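Written out below as C-alpha cells is the structure these notes cover.
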Amino acid sequence: MNMADFPLLSVLIFLPFVGAILLVALANVPAKTLHSLAVFLAAFEFGLSLVILFYFADGSKRGYYWGENIEWVRPLGLNYQLGADSISAWLIVLTTFVTLIAVISAANMSQRPRLYWAWLLALGGSIVGVFSSVNLLVFYVFWEVMLIPAYFMIGSWGATPGLRAKAAIRFVLYTLAGSLLMLIAMLALIFSTTPAGGTPSLDFVTIRQAVANLPEDTQRWLFLAFAAAFVVKVPLVPFHSWQPDAYVEAPTPTTVMLAGVMSKTGAYGFLRFGVLLFPAAASFYAPLLCGLALASIIYGALAALGARELKRILAYSSLSHLGFIVLGIFALNNQGVNGAVLQMVNHGITTPALFLAAAALTARTGTNDLQKMGGLQGKWPRMAALFLILSLASLGLPGLNQFAGEFLILGGAFQSSPVYAIIGVIGVVLAAWYMMRVFQGIWHGPEQTSLLDQQAATLPPTDMRPSEYALFVPLVLLIIVLGVAPVIVTGVLDTTITDWLTQAAKLASGR
Amino acid sequence: MPEAIGLVLLLPFLGFLINALFGNRLSKAASAWVACGAVGLAFVAAVVMALTPNWPNGAALTYDWTLSGSWKISFGLLADPLSAWMCLIITGVGFLIHVYSIGYMSHEPDFRRYFAYLNLFVTAMLLLVTSDNFVGLLIGWANVGLASFLLIGFYTERPSAVAAARKAIVINTIGDVGLILGIFTIITNTGSLTYREALTSGNIASGDWRNWAALFLFIACAAKSAQIPLQTWLPDAMEGPTPVSALIHAATMVTAGVYLVVRAHTIFGASEWAAWFIPIIGALTAFYAATCALAQTDLKRVLAYSTISQLGYMFMAAGVGAYEASMFHLLTHAFFKALLFLSAGLVIHALAGEQDMRNMGGLRREGATRFAAISFIIGALAISGIPIFSGFFSKEAILGSFPLLGGDYVLNASQQAAGVPVWFLALIGWVGVVTAFITAFYMFRAYFLTFEGKTRFEGHPHANPQSMTVPVGVLAVLTTVGGFLAFEGGWNTLETWFAPIKDEVAQNGPNVWRSIETNRFDVVGLVIGVGAGVAGIALAYIIYMARPVRVKSTATALATMADSPKPVLVENPKMYAAKATQSRRAAEIGYIDRERSNPGPGVNAFLRSGLNTFLLYGWGFDLLYNLLIVWPGKGTASLVAHWFDRGVEQAVDSGLGGSTAGASKAARRTETGFVRNYALGILLGAVAILIYVAVIGLQR
C-alpha cells in the first residue's frame, strides 16, 4: 500500500475537532493539564502534517497526492474529496505550526480557557480543511465552518467589551456577504457545467475543463463572484473595514490565527479557485486585482504610518503585506505565484511573531500606545533585539525571510508590468519608514517610563522570560533560515506551479 | 590563494555572533579582542587571497538561493582583483578603526553592542564586495545600511541621533529598491544575475534596457554614496560615534556606489544615458558638497560634506570610464578621510564630546592634541592634492581623465554613441578643478579654526590613549606614501592589477575602460591641479590666520544674537535650547541641538537668512524634502489612519446596525441571537443544495 493512501488529510482535519470536544468534555480536569493536552495535540498535528510536506520535499511530485474520495450521494457525484499538492502541503504545515504557536501562547487565558483552546483547535482544523479540499463544495463547507470559532473568539474573548461584539459582527457579515456570492457562483457553475441528464461534478480538476468551455462572459461573472469572497477574506482595500478592529479586538492567539493563516485562505482561494479555475477571466481581471493589491499595499502602509496603537499598526502592516501576496498571484507568472506562496509561509511566521512580541511588551508596559512608550532599550535590551529582528524581517530586509518573497513577487509583477513593481516598491520604502517609526518609538529616544500603565501590566517589568525564549527563538531561527535559503520552499513549489500555470494557459487559450 | 575569500567573510561574522550572543558575559577587553582579532585575521586572509598569480574562473562556495521557473539564483563568492582590492581596504582600514574604537569607546557602557554592530558592518560590507551576483550584493548592500542605521543611532537616548538613523535607513531603502528594480531589469534581459553571466551576456551589446538598468542601479549608488538628490542623510549620520563616521561614512560603505558602477561597468558603460548623468551628478555633487562644507561649524559635518564631495569626484571619473582612477581615489580617500575623521575624533575625545569648531581653537598648542594637529594637517594636505601625498596622485589621475584644455581627447564608445561633446567633458573637468580649490580652502579653514588662533574652549583637553594614536599614526603614514602604491613604473601597477576585470567583460559591450596610463597627464594639467589646491590653502591662510576673523563660541553667539532679549546662559551650551525659541536660535546659528530631533531651520528663517545659512543647511534640501515628502506623507498617513479608515468603519457599522447610536444596542442583541441566524444561513444554503441535488436526481 502506498503511503499516500492513508487518509492523513482527514486525520489532520478532524483530530483538532476531536481534541476540541475532549477539552470541553473533560470538565473536571485542571486547566493546566488540559492546556498540556491541547499543546500536545497541536504538536502531534504539526508533526503529522510534516509527513505530507516531506512527501513533497524532493520537488518532483506533480499534481495531487494523499487523495481521498468518498462517495456521498452516489448518482449525483457529490463527493467528500480531499487532496494535496505541494502548495497545499506548505500551507497545511503552516496552519498546524501557527495553531501550535497560538495554543502555546494561550496558556494564560483567564476566562473559560478550555473553551477558548477548543475553539483555537477547531479553527486550525477547519483551515486545514480549506487547504486540502479539491471539491468545490467541500471547500465551501470548511470555508464557512472557519467563521464560527473565529466569531466566538473575537466576540466573547475580545479585548474591549463594548467594541468586540461590533468587531465580530462586522467580521462575520463582511465575510458572509462575500461567501454567499461564492455559493451562488458555485451553484451557477454546477447548473451550467452539468450536461443534461449527466452527473454533476464539483471536482476541481474536472470542473476546470468544464469551465474552459463556458462562454467568456459567464466565466468572468463567476470569477468575480468567487473573487468577492476572497477579496473580503484577504482582505484587500476597500473591503478591509472588518480587519483592523477584528485583529485589534481579538485576543492575541486568535489574532495570530487570523493574520497568520486565515488571511492566507483568501489568497489561496484567489490562486486555486481564481487563477487556476478561471484562467481566462483571471487574466482579464488581473489589472483590476493588481490595482486593488497595490492600493492595499500603499493604503495599509500609510495607515500603519499614521496609527498609534501597536496592534493596529501591525494589522495595517498585514493589510499591506497581503497586498503583496495578491499582487504576486495576479502577476500570473511563475515568479509571482511562487513568491506569493513563499510569502504566505513567510508572513505566516513573521506576523504571528510580531503580534506575540507586541503582546509580550504590552503585558509589561500595560499600554498599547506608541506615544506612551520610549527609550525602553536600556530597560529590556533582549526584547529590543527581538523586536529589531522581527521588524527587520517585516520590512523586508534582504537576508531575512520576507525579502525573498517580496523579491519574487515584485520580480513577477515587474515582468507583468514594470509599473506594478515600481508602485510596489513604494510600499517597501514606506514599510521601512513605519516599521522603524514603531521600533525607534518604543525602544529609542529618551527613556519614558512615567507614562506606562503599571496597573494594567500583567507581567513584572523584566526582560525576556525563559518561556518567551522557547517561543521566539524557533521563530527567529525560521526567519533567518528561510531568508538565507528560500529554496527550501520555492524548490518544492516550482514543479507544481509550473504545471498548474502551463495547464491554465492551455485552458485559457484552448477554447 | 583565492580560496581564503571564505575566511575573509567568515571571521568577522564569527566576531559578530560572539559579541552579539555572548557579549554580556565578556569583559570589555575580551569583547574588543574578539572584534579586533576577527577583523585583523580577516585582513591577513585578504592579503593571502590577494597574493595570487592568477584568479580563479568560477566562484567559490556556491549554493542555490532560490528557484522559480526560469529564475535560478545561486550565491557564491567571487575572488577577483576588484573584490580583493575592496576586501583589503575594508579589512585593513577597518582593523585600524576597530583598534582606535577601543580607546574612543572605552567610557561607553554599551561597549559590546558597539563592537557587535561594527563586526556586523564589516561582514555585510565584505559580503557586498565578494558576492558573485547581484542578489548577494543586495543582501550586503541592505545590511550595511542596517549596520549604519544601528551605529548612527548608537546613542539611542539622543533624539537627534534617532532621527538621523531613521532618515538614513529610509533613504537607503530607496536605494535598495532601486537596486531591486535594476536587478529585475538585468535578469529579464540577460537571464542571469551572476556577474560572469549577466555582465558578459550577448544582450549587453544592444537594447534600451541598458539605460533603464543603469538608471535603476544608479538610484542605489546615489542613495548609498550620498549623491544628489539622495545625499541628505550623510551629514546627519555624523550623529554616530566618530570611528563609525570614519569607517562607514567615509572609508568604506559610502564607496559602495562607486564599487557598483565599476563592477557593473559593462552596463553603465553601455548606457548612453549614463554617459551623461553620471558625470553630471558626480560633478554637481562634488561642487555642491564642497560649497556646503564652507559654512559648516561642526567639525564632523565639514568632513561629512567633504566625503560627499570626494565621492562625487569618484563618480565623475567612473562616469567617463576612468574606473582605475576612480578605484585609486577610493583607496587614497579611504586613507586620508579615515585619517581626518580619526584626528577629529582625537580632538573630540580630548574635549569630552565637543564638536563645534567655534568652541575649539588653538589646539595645536595643547600637548594633548598636538599629535592630532599633525595628523589632521597631513590629511588636509592629501585631500588638497599637494604633491607626494596620496591624494595628489589620485586626484590628478581623475582630473587627467578630462580634457581640461581640449586637445586630442579620445571619446570612448558610449560617449560617442550618446553624442557627448568634448567641451561638456572639459566643463565637468573644470568643475572638478574649482572643487579642488574650494576643498583646499574649507579643509584649511577647518584646520585653522580648530588648531590655530585663539583658544575658545574651557577646561583642559585630556590625553588620548595609545590605542587611538597608533592607528592614526599608521593611517598618516599610509596617507603620505599611499599614492606611490600605484606609481611603480608609471601607473602600471593599477593597470596590471585591474587588467583581468577589464579584459573579462569587454567582450560584448563597448570597450569604455579608460586606463590611467592613457591619460598620462601633462605639465599644464599638473600645474592647474596643484595650483587650485595651493590657492585654496593660501586663501584660507589669509582669511583665518593672517587677518583672523573674530569667531565667537556658541554660547557667546547665542547670547549676543540680535533679536534675543536675554537668553538664560547655562554653562554647557548643550543644556541650551530646552525651549523651542532657544532651539530655533540654535538652529539659526548652526548649533546642533541634540536634545531635539530636527536641527534644521524653518521656512521663514531659511528665507530670511543669507548665503551662509543656505550653505550651512545644504542648500535647503532637507527643508524641501520635508515640504514635499515628509510632512505631506505624515499628514496623509494620519488622515488615513485616524479619519478616513475610522470613518469608513463607522459608516459600515451604522449601515449594519442602524444608527451609530443604536449600534451597541444592536450589537448586544445580535451577540446572543446572531449565531442562530448564521447557523440558519448555512442551513438554508445546505437546503438549497439538497433541493438542487434532488432536482437533478429526479431528472435521471
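The values are calculated or read from the model by the stated rules, or taken from the named source; none is laboratory data. From a predicted model like this one, the values you see are computed outputs, not experimental measurements. All Cβ positions, even for glycine, are placed from backbone atoms using ideal geometry, and neighbour counts span all protein chains on display.
The residues on offer are A:342, A:410, A:327, A:332, and the sole one that is touching a residue at least 12 places away in the same chain (Cβ under 8 Å), over 21 Å from residue A:470 (Cβ atoms), part of a loop (DSSP other than H, G, I, E, B) and not polar (S, T, N, Q) is A:332.
If you go through region B:48-63 and keep only what is modelled with pLDDT of 85 or more and either crowded, with 18+ Cβ neighbours inside 10 Å or facing another protein chain (nearest Cβ under 9 Å) (or both), you end up with B:49, B:50, B:63.
For region A:411-432, the set of residues classified as closer than 17 Å to residue B:150 by Cβ and either more than 8 Å from chain B (Cβ to nearest Cβ) or among the aromatic types (Phe, Trp, Tyr) (or both) is empty. Taken together, the residues in region A:221-252 that are among the aromatic types (Phe, Trp, Tyr) and not in a helix (DSSP H, G or I) amount to 2. In region A:30-69, which residue that is in contact with a Leu (Cβ under 9 Å, 6 or more places away or on another chain) and loosely packed, with under 14 Cβ neighbours inside 10 Å is modelled with the lowest pLDDT? Of everything passing the filter in region A:30-69, A:69 is modelled with the lowest pLDDT. Restricting attention to region B:192-210 and to residues that are in a helix (DSSP H, G or I) and of a type in the set (Gly, Ala, Ser), the residue that is modelled with the highest pLDDT turns out to be B:198. For the structure I just gave you, tell me whether residue A:142 is assigned to a helix (DSSP H, G or I), among the hydrophobic types (A, V, I, L, M, F, W, C) and within 14 Å of chain B (Cβ to nearest Cβ). In short, yes.
Considering each of A:28, A:79 in turn, give the residue that is of a type in the set (S, T, N, Q), in contact with an Asp or Glu (Cβ under 7 Å, 6 or more places away or on another chain) and either over 30 Å from residue A:490 (Cα atoms) or not in a helix (DSSP H, G or I) (or both).
Result: A:79 is the single residue among A:28, A:79 that is of a type in the set (S, T, N, Q), in contact with an Asp or Glu (Cβ under 7 Å, 6 or more places away or on another chain) and either over 30 Å from residue A:490 (Cα atoms) or not in a helix (DSSP H, G or I) (or both).
A single member of A:388, A:361 is part of a helix (DSSP H, G or I), more than 22 Å from the chain's Cα centre (by Cα) and within 23 Å of residue B:142 (Cα to Cα), and it is A:388.
Listed here are the residues, each with its yes/no results for (1) hydrophobic (A, V, I, L, M, F, W, C); (2) within 20 Å of residue A:145 (Cβ to Cβ); (3) in a helix (DSSP H, G or I); (4) out of contact with any Ser or Thr (no Cβ under 6 Å at 6 or more places or on another chain).
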| residue | (1), (2), (3), (4) |
| --- | --- |
| A:10 | no, yes, yes, yes |
| A:13 | yes, yes, yes, yes |
| A:22 | yes, yes, yes, yes |
| A:32 | no, no, yes, yes |
| A:39 | yes, no, yes, yes |
| A:50 | yes, no, yes, yes |
| A:66 | yes, no, no, yes |
| A:70 | yes, yes, no, yes |
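Within the span defined as region B:382-402, one or more residues are under 30 Å from residue B:206 (Cα atoms), at pLDDT 85 or above and among the hydroxyl-bearing types (Ser, Thr, Tyr).
Determine, yes or no, whether residue A:352 is within 14 Å of chain B (Cβ to nearest Cβ) and in contact (Cβ under 8 Å) with a residue 24 or more places away in the chain. For residue A:352, the condition - within 14 Å of chain B (Cβ to nearest Cβ) and in contact (Cβ under 8 Å) with a residue 24 or more places away in the chain - is not met.
Looking across region A:446-464, just one residue is surrounded by 15 or more Cβ atoms within 10 Å (Cβ to Cβ) and either at pLDDT 85 or above or outside any loop (DSSP other than H, G, I, E, B) (or both), and that is A:464. Is one or more of the residues making up region A:206-220 in contact with a helix residue (DSSP H, G or I) (Cβ under 8 Å, 6 or more places away or on another chain), more than 26 Å from residue A:294 (Cβ to Cβ), in a helix (DSSP H, G or I) and without any contact (Cβ under 8 Å) to a residue 24 or more places away in the chain? Checking region A:206-220: at least one residue is in contact with a helix residue (DSSP H, G or I) (Cβ under 8 Å, 6 or more places away or on another chain), more than 26 Å from residue A:294 (Cβ to Cβ), in a helix (DSSP H, G or I) and without any contact (Cβ under 8 Å) to a residue 24 or more places away in the chain.
How many residues does region A:162-193 hold that are at the interface with another protein chain (Cβ under 10 Å from one of its Cβ atoms) and not hydrophobic (A, V, I, L, M, F, W, C)?
So the first thing to find is which residues in region A:162-193 are at the interface with another protein chain (Cβ under 10 Å from one of its Cβ atoms), and the list is A:162-170, A:172-174, A:176, A:179-180, A:183-184, A:186-187, A:190-191.
Narrowing the set further to residues that are not hydrophobic (A, V, I, L, M, F, W, C) leaves A:162, A:164, A:166, A:170, A:174, A:179.
Selection size over region A:162-193: 6.
Determine if region A:214-235 includes at least one residue that is polar (S, T, N, Q), more than 13 Å from chain B (Cβ to nearest Cβ), surrounded by fewer than 21 Cβ atoms within 10 Å (Cβ to Cβ) and over 20 Å from residue A:140 (Cβ atoms). No, the conditions are met nowhere in region A:214-235. Scan region B:96-113 for residues that are assigned to a helix (DSSP H, G or I) and either of a type in the set (Gly, Ala, Ser) or more than 19 Å from the chain's Cα centre (by Cα) (or both) and the total you get is 10. Filtered by the rule that a residue be facing chain B (nearest Cβ under 8 Å) and under 30 Å from residue A:359 (Cβ atoms), region A:485-506 gives A:485, A:486. Scanning region A:385-407 for residues that are surrounded by fewer than 24 Cβ atoms within 10 Å (Cβ to Cβ) and at the interface with chain B (Cβ under 9 Å from one of its Cβ atoms) returns A:385, A:388, A:399. Closer than 28 Å to residue B:276 by Cβ, in contact with a helix residue (DSSP H, G or I) (Cβ under 8 Å, 6 or more places away or on another chain), in a helix (DSSP H, G or I) and away from every other protein chain (no Cβ under 12 Å), is that true of residue B:189? Considered against the rule, which asks whether it is closer than 28 Å to residue B:276 by Cβ, in contact with a helix residue (DSSP H, G or I) (Cβ under 8 Å, 6 or more places away or on another chain), in a helix (DSSP H, G or I) and away from every other protein chain (no Cβ under 12 Å), residue B:189 comes out as no.
The C-beta contact set for region A:291-313 (first residue within 12 Å of chain B (Cβ to nearest Cβ), second residue assigned to a strand (DSSP E or B), distance under 9 angstrom, 6+ apart or interchain) comprises A:308/A:369; A:309/A:369. Number of residues in region B:149-164 that are at the interface with chain A (Cβ under 7 Å from one of its Cβ atoms) and either in contact with a helix residue (DSSP H, G or I) (Cβ under 6 Å, 6 or more places away or on another chain) or closer than 15 Å to residue B:254 by Cα (or both) equals 3. Looking across region B:18-38 at every residue that is under 13 Å from residue B:117 (Cβ atoms) and of a type in the set (A, V, I, L, M, F, W, C), the one that is surrounded by the most Cβ atoms within 10 Å (Cβ to Cβ) is identified as B:35. Only one of the numbered conditions (1) surrounded by fewer than 23 Cβ atoms within 10 Å (Cβ to Cβ); (2) modelled with pLDDT under 90; (3) in contact with a Leu (Cβ under 7 Å, 6 or more places away or on another chain) is not met by residue B:72, and that is (3).
Selection of region B:436-472 for residues being under 16 Å from residue B:296 (Cα atoms), within 26 Å of the chain's Cα centre (by Cα) and not aliphatic (A, V, I, L, M) yields B:439, B:441, B:442, B:444, B:445, B:447, B:450. Here residue A:209 clears all of (1) under 23 Å from residue A:82 (Cα atoms); (2) more than 12 Å from chain B (Cβ to nearest Cβ); (3) surrounded by 19 or more Cβ atoms within 10 Å (Cβ to Cβ) except the condition numbered (3). Across region B:64-81, a minimum of one residue is classified as away from every other protein chain (no Cβ under 14 Å), assigned to a helix (DSSP H, G or I) and closer than 27 Å to residue B:327 by Cα.
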